Structure formats: C-alpha cells, structure tokens
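For reference, the structure discussed in these notes is given below.
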Amino acid sequence: MGFCAGFAEAGAVDKNISDFCCHWIDKGYHGGMNWMPLTLSLRLDIRKFYPEARTVVALAYPCGKPGKLAPFMAGYAWLPDYHLVIREKLRNFLHKLKENYPEIRFRVTVDTAPVLEKYWAMKAGLGWIGKNTLLITPAHGSWVFLAIIIFNVFLEPDRPGHSSCTDCQECIRACPTRAIVQPYVLDARRCLAYITVENTRELTAEEKLLLKGTLFGCDRCQIVCPFNNTSGKKPFSENETVKENVVLLKKLMKLDEIGFKSMFQGTPVVRIGFKKFKEQTEIAWNYFQQKGWLQ
C-alpha cells in the first residue's frame, strides 16, 4: 500500500508532552482552533477517545517533494485530498482484516480526530518531531501524510523514534513570520499554513501583511530541512520561482467560483472555499505589484 507503519501501546501520552500541550494551549498558540482545548483530555489519553484501545498503529504515507510553486503555495495543494486517498488505500486491507479476524475492532483517523498523530508516529518509531514541529522520517523526511489505526488487541510495540536534528536551526531561520518561536514550539497564529487554511475568520491587517503572496499553506520550513534535501543541493530561493508564480497568479486571478471548483476539485484547496481563496489571491496580487514582479 506504500505506507510506513509502526506500533505503540495505547495509553496516556508522556507527562512532558501532556505538560507541553497544556502550556501551549494556555499561551494561546492554537489561535482560533478552539476544538483543541475542547478535546484536550481526549488527545492526552487515546483511551478516552476510544476506550477499547490497546494498540496504536501509526502510518506514514509519502507524498513526494513539491515543485517550484511551493514557496507561494504548499505542494500538497495540487495533490488529491489525502484524507480521501489514505482512507481509500486502507479500505480493502481493513475489510480483509475484519473478515479474517472478526474479533478485531478498530478506529481509523486521518487528521480529523482528537488524536496526537505526530506523537503516536514518534512513539511507534516512524521518526521524530523536528524543531518545526513536523514529523521527520528517515526515509522520506517530513514529506508524509499521517494516519492512525487504533486496535482493541495488543500488538508488540516498536521502539520510539529519537531526534536527529542536533543543533540545526534551518527551519527556524526559514520561517518568514517567526512562527517557530523556539525549537519545537509553533505559534499557529503566525504560521502561514494556519492563516491561509485553518483560520476561518476574516483576515486582520497584520495577517494580510504576513502573507507576502502566500496562497494556501507554506512549505518553507520543510524545503530547507536537511532531511528533505538529501542531495545536498541548495534549495531554490523564492526569487528563482517568481516567473512561475506570476504565471500561476495571473491564471488564478481570472477564476470565478465555477473555475475554482473545476481547477481544484478533489484537492484539499476546495475545503477553504472560493471566497477565502479569492481574498488570498487578491492579497498576493497586491504584494506582487508592490515587488514589481507583474511588469
């Protein structure tokens, strides 16, 4: 199926992670994602989410490196919606599993349930959580989508992953909004991925300034990560991608709602809606004009 898989014993998260999550919420770093504090108790003990839980199976599905449009638009924006792709890939496997072992019960989550996916992926040995707060895997870096299957049976756990980031600061330096306030701590309120995707209210004047031409997501902290650039070549700079992005932006500015749905049907971009996407393209257009890139 193309997944990397690991196993962890279900239970409460480690105390240091629990304390970190509580402090992170208290600082308001979750922004407008109010479901996080509301479901915090479930996130801190997976058995509260699924009382039968005995084993957590973490899955990482490689999504590939983004192209040169990535600095202004996240690479996964152009891929089929990973929520649907992963569930479809798991469907036949889980069906056969249930047929052969009818006593097995499970819950499947793909980034939509109160489960700490990155934590469980780390506990299951798939990799470690980097300073940009993303899971980094030895084989695919952070270019992976995560899924969790919670089983009601005990399966031998794998050894947890351990950080290999050492003293590297590349992701922190690359963040254009200083959203990584310190290693392993992200202030979502300043993160371009949050502002352009998860944020549901109207953008503030400060947020509009932070965008600097960004549309739907941001890959900057991933592009510079050494584990995502094993070739050793210097990652391309934003100035090198201006030409491609000007062509794209001119095309996006012409879209009406029907054209938007047609271009992005089946991708995660659709879920933010045309109105929000149109606002971001107009902000990007003004920024490109100010930079003199549209001449």
Sole residue being modelled with pLDDT of 95 or more, under 17 Å from the mean Cα position of the chain (by Cα) and farther than 25 Å from Ala174 by Cβ, chosen from Leu44, Leu59, Leu40: Leu59
Segment 104-135, subset of a type in the set (Lys, Arg) and assigned to a helix (DSSP H, G or I), residue surrounded by the most Cβ atoms within 10 Å (Cβ to Cβ): Lys123
Those residues of segment 81-103 which are part of a loop (DSSP other than H, G, I, E, B) and surrounded by 14 or more Cβ atoms within 10 Å (Cβ to Cβ), in sequence order: Asp81
Pairs with Cβ under 6 Å, 6+ apart, first in segment 4-31 and modelled with pLDDT under 95, second in a loop (DSSP other than H, G, I, E, B) and surrounded by 14 or more Cβ atoms within 10 Å (Cβ to Cβ): Cys4/Leu126
Selection within segment 241-268 - over 21 Å from Arg220 (Cα atoms) and either among the polar types (S, T, N, Q) or in the same structural domain as Thr112 (by TED's automatic domain parsing) (or both): Ser262, Gln265
Given (1) within 19 Å of the chain's Cα centre (by Cα); (2) touching a residue at least 60 places away in the same chain (Cβ under 8 Å), number of the condition Cys171 does not satisfy: (2)
Residues of segment 173-193 satisfying the condition of being under 21 Å from Leu203 (Cα atoms) and surrounded by fewer than 16 Cβ atoms within 10 Å (Cβ to Cβ): Arg178
Any hit, segment 113-120, residues being closer than 17 Å to Phe154 by Cα, touching a Lys or Arg at 6+ places or on another chain (Cβ under 9 Å) and at pLDDT 95 or above: no
Cβ-Cβ under 7 Å pairs, at least 6 apart or on other chains, segment 192-218 side charged (D, E, K, R), far side modelled with pLDDT of 90 or more and surrounded by fewer than 22 Cβ atoms within 10 Å (Cβ to Cβ): Glu198/Met33; Arg201/Gly32; Lys208/Ile283; Lys212/Pro176; Lys212/Tyr287
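Need at least 3 residues that are in contact with a helix residue (DSSP H, G or I) (Cβ under 9 Å, 6 or more places away or on another chain) and closer than 20 Å to Ala124 by Cα per element, so show me which helices (runs of 4 or more DSSP H) inside segment 16-72 make the cut, counting only ones lying wholly within it.
Ranges flagged: 40-44, 46-49.
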Which numbered condition Ala58 fails, given (1) closer than 21 Å to Ile148 by Cβ; (2) surrounded by fewer than 19 Cβ atoms within 10 Å (Cβ to Cβ); (3) in contact with a Phe, Trp or Tyr (Cβ under 7 Å, 6 or more places away or on another chain): (2)
Contacts under 9 angstrom Cβ, first residue in segment 86-105 being over 23 Å from Pro268 (Cα atoms), partner part of a helix (DSSP H, G or I), 6 or more apart: Ile104/Leu97; Ile104/Lys98; Arg105/Lys98
Residue pairs meeting the criteria (Cβ under 6 Å; at least 6 apart or on separate chains; first of a type in the set (Ser, Thr, Tyr), in segment 274-292; second part of a helix (DSSP H, G or I)): Thr281/Leu252; Thr281/Met253
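The values are calculated or read from the model by the stated rules, or taken from the named source; none is laboratory data. This one's a predicted model, so the numbers in the text were calculated from it and none came from an experiment. Every residue, glycine among them, receives a Cβ derived from its backbone with ideal geometry; neighbour counts consider all protein chains shown.
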